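The values are calculated or read from the model by the stated rules, or taken from the named source; none is laboratory data. A quick note: this is a predicted structure, and the numbers were derived from the prediction, not measured. Neighbour counts run over all protein chains shown; Cβ positions are idealised from the backbone, glycine included. SASA here: full protein model, heavy atoms, side chains in, ligands and nucleic acids out. Shrake-Rupley method; radii C 1.70, N 1.55, O 1.52, S 1.80 Å.
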Amino acid sequence: MVRVLFVCLGNICRSPMAEAVFQKLVDEAGLSDQIAVDSAGTGSWHVGEKAHPGTRRILAKHGIDYDGRARQIRRQDIHPDTYLIVMDQDNHREVSRRYGDQPRLHRLLYFANHPDVRDVPDPYYTNNFEYVYRLVSDGCQGLLATIREQEGL
Ligand code: 4NP
């Protein structure tokens, strides 16, 4: 099983959105038995909560179900084979600080076609869920293409 874990700060806005969008792409590709998708936050403030209403609204608008609850990243999530996909440089720094260099730790937009945008901005502060959704969708499509190539799927 290939494991993909999306990581942001609170696990209520960006990483649940990425998890839901990516899961839909995986389902559509018929790869649900081969790719396991999850998300977590570096922080613990929102543990147990549903996704932010803005995230739930934009997912519903695109016909995507999401029922997950926030959780914090933990040591057992870290494995050299797991794709650890963070949303911004702060997440990257925090994951590296806690768990050391990880070979498959990347920012999501590394896989997208936006040379000038490297970080998914936090809609918790900007409220721009539409823009975040576009970035997340592009990143997820690129990520799935990369994983299929690397894993021969
Ligand atoms: P997320 O957004 O990292 O995309 O889930 C945030 C959610 C909550 C907070 C910050 C960012 N917070 O400070 O509570």
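A quick yes/no check of all residues on (1) basic (Lys, Arg); (2) over 13 Å from Pro16 (Cα atoms):
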position: Thr55; (1), (2): no, no
position: Lys61; (1), (2): yes, yes
position: Gly68; (1), (2): no, no
position: Gln72; (1), (2): no, no
position: Ile78; (1), (2): no, yes
position: Asp81; (1), (2): no, yes
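Of all residues in the stretch 1-34, which are acidic (Asp, Glu) and crowded, with 17+ Cβ neighbours inside 10 Å?
Start the filter on the stretch 1-34 by keeping residues that are acidic (Asp, Glu), which leaves 19, 27-28, 33.
Within the stretch 1-34, Glu19 is the sole residue that qualifies.
Which numbered condition trips up Ser39, out of (1) touching a Gly at 6+ places or on another chain (Cβ under 8 Å); (2) open to solvent by 60 Å² or more (accessible area, probe 1.4 Å); (3) polar (S, T, N, Q)?
All conditions are met except number (2).
Which residue, of Arg134, Arg104, is among the basic types (Lys, Arg) and within 16 Å of the ligand (Cβ to nearest atom)?
Details: Arg104 fails: within 16 Å of the ligand (Cβ to nearest atom).
It is Arg134.
Report yes if Tyr131 is free of Cβ contacts under 8 Å to residues at least 60 places away in the same chain and under 25 Å from Ile35 (Cα atoms), otherwise no. Reasoning before the result, please.
Numbers: free of Cβ contacts under 8 Å to residues at least 60 places away in the same chain: yes; under 25 Å from Ile35 (Cα atoms): no.
Here the answer is no, as Tyr131 does not meet what is asked.
Looking at the stretch 94-111, can you tell me whether even one residue there is in contact with a Phe, Trp or Tyr (Cβ under 9 Å, 6 or more places away or on another chain) and within 24 Å of Tyr131 (Cβ to Cβ)? Full working, then the answer.
Taking the stretch 94-111 as the starting set, the residues that turn out to be in contact with a Phe, Trp or Tyr (Cβ under 9 Å, 6 or more places away or on another chain) are 104-106, 108.
Then drop every residue that is not within 24 Å of Tyr131 (Cβ to Cβ), which leaves 106, 108.
Looking through the stretch 94-111, at least one residue is in contact with a Phe, Trp or Tyr (Cβ under 9 Å, 6 or more places away or on another chain) and within 24 Å of Tyr131 (Cβ to Cβ).
Being part of a loop (DSSP other than H, G, I, E, B), free of Cβ contacts under 8 Å to residues at least 60 places away in the same chain and open to solvent by less than 80 Å² (accessible area, probe 1.4 Å) is the filter here, so list the residues in the stretch 64-99 that pass it.
Of the residues in the stretch 64-99, the ones part of a loop (DSSP other than H, G, I, E, B) are 64-68, 70-71, 73-74, 78-82, 87-88.
If we keep only those that are free of Cβ contacts under 8 Å to residues at least 60 places away in the same chain as well, we get 64-68, 74, 78, 80.
Passing the criteria: Ile64, Tyr66, Gly68, Ile78, Pro80.
Would the stretch 56-63 turn up any residue that is under 16 Å from the mean Cα position of the chain (by Cα) and surrounded by fewer than 18 Cβ atoms within 10 Å (Cβ to Cβ)?
Initially, the stretch 56-63 is screened for residues under 16 Å from the mean Cα position of the chain (by Cα), giving 56, 58-59.
Then drop every residue that is not surrounded by fewer than 18 Cβ atoms within 10 Å (Cβ to Cβ), which leaves none.
No, the stretch 56-63 has no match at all.
How many residues does the stretch 107-131 hold that are more than 16 Å from the ligand (Cβ to nearest atom) and either modelled with pLDDT under 95 or not in a loop (DSSP other than H, G, I, E, B) (or both)?
Of the residues in the stretch 107-131, 6 are more than 16 Å from the ligand (Cβ to nearest atom) and either modelled with pLDDT under 95 or not in a loop (DSSP other than H, G, I, E, B) (or both).
Which residues, taken from the stretch 111-133, are open to solvent by 40 Å² or more (accessible area, probe 1.4 Å) and either polar (S, T, N, Q) or under 16 Å from Gln23 (Cα atoms) (or both)?
Asn113, Thr126, Asn127, Asn128
Please count how many residues of the stretch 1-53 are in a helix (DSSP H, G or I) and near the ligand (Cβ under 10 Å from one of its atoms). Show your work before the answer.
First, pick out the residues of the stretch 1-53 that are in a helix (DSSP H, G or I): 14-28, 53.
Among the residues that remain, those that are also near the ligand (Cβ under 10 Å from one of its atoms) are: 14-18.
Result for the stretch 1-53: 5.
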